[in-house]
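For reference, the structure is listed below as structure tokens.
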Amino acid sequence: MKRCTTIFFGLLLVAVVRVPAAAQSPVIVRDSLGVVALKSTCLLLGCNVTQQLDGSIGNVFLVTSPANIPREAFLQTLLGQIGIVDAEPDLPVRLTQSQPLTAPSGLWDTTPVSYYGTTVWNGYASQPAVQIINLQAAQSLGVTGNAVVAVIDTGVDPTHPVLQGVLLPGHDLTRNQDGASELADVNQSTMAVVNDAAPAQVNQSTMAVVNQQGSSTFSQSQYADFGHGTMVAGVIHLVAPSAQIMPIKAFRADGTGTLSDVLRAIYYATQNGAQILNMSFSFSSYSRELANATGYAARKGVVCVASVGNNGQNMMVYPAGLGSVIGVASTANDDTLSSFSNYGQPPVWLGAPGEGIITTYPYGTYAAGWGTSFSTPFVAGTIALLRGVDTSVNQTSAAQAVSNAVYVSPALGYGRLDIGQAIAAWCSTTHKC
């Protein structure tokens, strides 16, 4: 993947990292006959069924290949067995970043203001992106979002005062347990990152308001993407303050994850009440099972939104490039394409601000992020607003609504997100405004 390959985080360039086949390589398998049949097949071939990936459906599994057979040879043998529909490698994912940062002035604007039931920093509530995307158009109509938005990411800080009231418990796929707290990845039991804090660069895509202890801790490689999920959640909340956020932890604080956990996250969210999926990451390689998972979500009425990556290239990435997903690029505050953002349609459906976006950060503080990972939640939040007008919104209607944007160039698809135009288009369709 190269949390926005590039997953973002901040300015994420998430790259899919292929490693030599291990003694026993993980493989994603679809068996139309279910787990009993697959276990029988593995008994013959010497493989092991280790995990079910598609929740209640029971057709997609993670399998380890025999130690004495190369993975590609095993895949070919497996595809020749009765009931096996599909088999592909479970590729590891690592988030990479590259971006020189200058903290936006809003990170110093700590003036407390009331924002839909919580107290937030003025620099967060009044940042330039708010005006750029015309968020006031929704606020003037009293539209604040009516949806459950799943954030497939590194988890979210459940103690953050801005997010506490809208967070659902979520699930941690990296530990196979309920709850999706980012704080579980930090060794220290207590991190006083707010007192005497100032903006500091904590990784290649994030400026966070932390003290010296927090800065030195989170700049270490094991925390290369710590805070990303909390930051994404904060952008969604900024746009749609009444939306509920379902955190699903599929990535570790160091930015590593697997395709199989991404699939598990999509199925989990879809089967547990999510109406919108925010996927601030991208793969450079096509995956049949990723296409199947997002297609399944769309058929269930879930709207999928994904970042297009930060390679600065005209290139296809996934899931943004899939027909069942809205791909989001990054724009600068002057309505130009961000230099780091991928471009071209597909995978880009539209763009949204993605430079110096001020948002929530773990331990009750704030940060600014750069990358398509932060553009994506602006669109996910907008779709939550559309559901506040009419809950019938689906993948197709949501994509049509947000395509009513401020045109910039062919590189940015339909243009830069404009919430006023999107809601007006949705209102004219539903006649419910």
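Can you check what the net charge comes to around Val210, using other residues whose Cβ is under 15 Å from the Cβ of Val210 (Lys, Arg +1; Asp, Glu -1)?
-3
What order, most packed first, do the peptides 364-375, 53-64 have when packing is the mean number of other Cβ atoms within 10 Å of each residue?
Descending mean neighbour count gives 364-375, 53-64.
Going by average Cβ neighbours within 10 Å, how do the peptides 147-158, 332-343 rank, with the highest at the top?
Result, highest mean Cβ count within 10 Å first: 147-158, 332-343.
Tell me which label goes with the value of Rg/Rh (Cα atoms, Kirkwood Rh) computed from the coordinates here: [x] 0.98; [y] 1.12; [z] 1.03.
Read-out taken from this structure: [x].
How big is the gap, in Å, between the Cα center of region 309-364 and the Cα center of region 408-433?
17 Å
What ranking do 305-315, 197-207 get when scored by the average of other Cβ atoms within 10 Å per residue, highest first?
305-315, 197-207
Considering only protein heavy atoms and a probe of 1.4 Å, how much of the accessible area of the chain is carbon and sulfur, as a whole percent?
50 percent
Would you mind classifying region 351-433 by shape? Square roots of the alpha carbon gyration tensor eigenvalues, ordered a ≥ b ≥ c; an a/c under 1.5 is rounded, otherwise it is prolate if a/b is larger than b/c and oblate if not.
Cα axes put region 351-433 in the oblate bin.
Count the net charge of all other residues whose Cβ sits under 9 Å from the Cβ of Ala184, scoring Lys and Arg as +1 and Asp and Glu as -1.
That sum, taken over residues with Cβ under 9 Å, equals -1.
Could you do me a favour and compute the accessible area per residue for region 202-272, 1.4 Å probe, result in Å²?
Spelled out: the 1.4 Å probe surface of region 202-272, per residue, equals 22 Å².
For Lys300, give me every one of the aspartates and glutamates with a C-alpha distance below 18 angstrom, ignoring sequence neighbours fewer than eight places off in its own chain.
Output for Lys300: Asp54, Glu289, Asp390.
Can you give the net charge of the other residues whose Cβ lies under 14 Å from the Cβ of Leu53, counting K and R as +1 and D and E as -1?
Within the 14 Å Cβ shell, the charges total -4.
The values are calculated or read from the model by the stated rules, or taken from the named source; none is laboratory data. All figures in this text were calculated on a predicted structure; none of them were measured in a lab. Methodologically, a virtual Cβ is constructed for each residue, glycine included, from the backbone with ideal geometry; neighbour enumeration extends over all protein chains shown. What goes into the accessible areas is simple: the full protein's heavy atoms, side chains included, and nothing from ligands, DNA or RNA. Shrake-Rupley method; radii C 1.70, N 1.55, O 1.52, S 1.80 Å.
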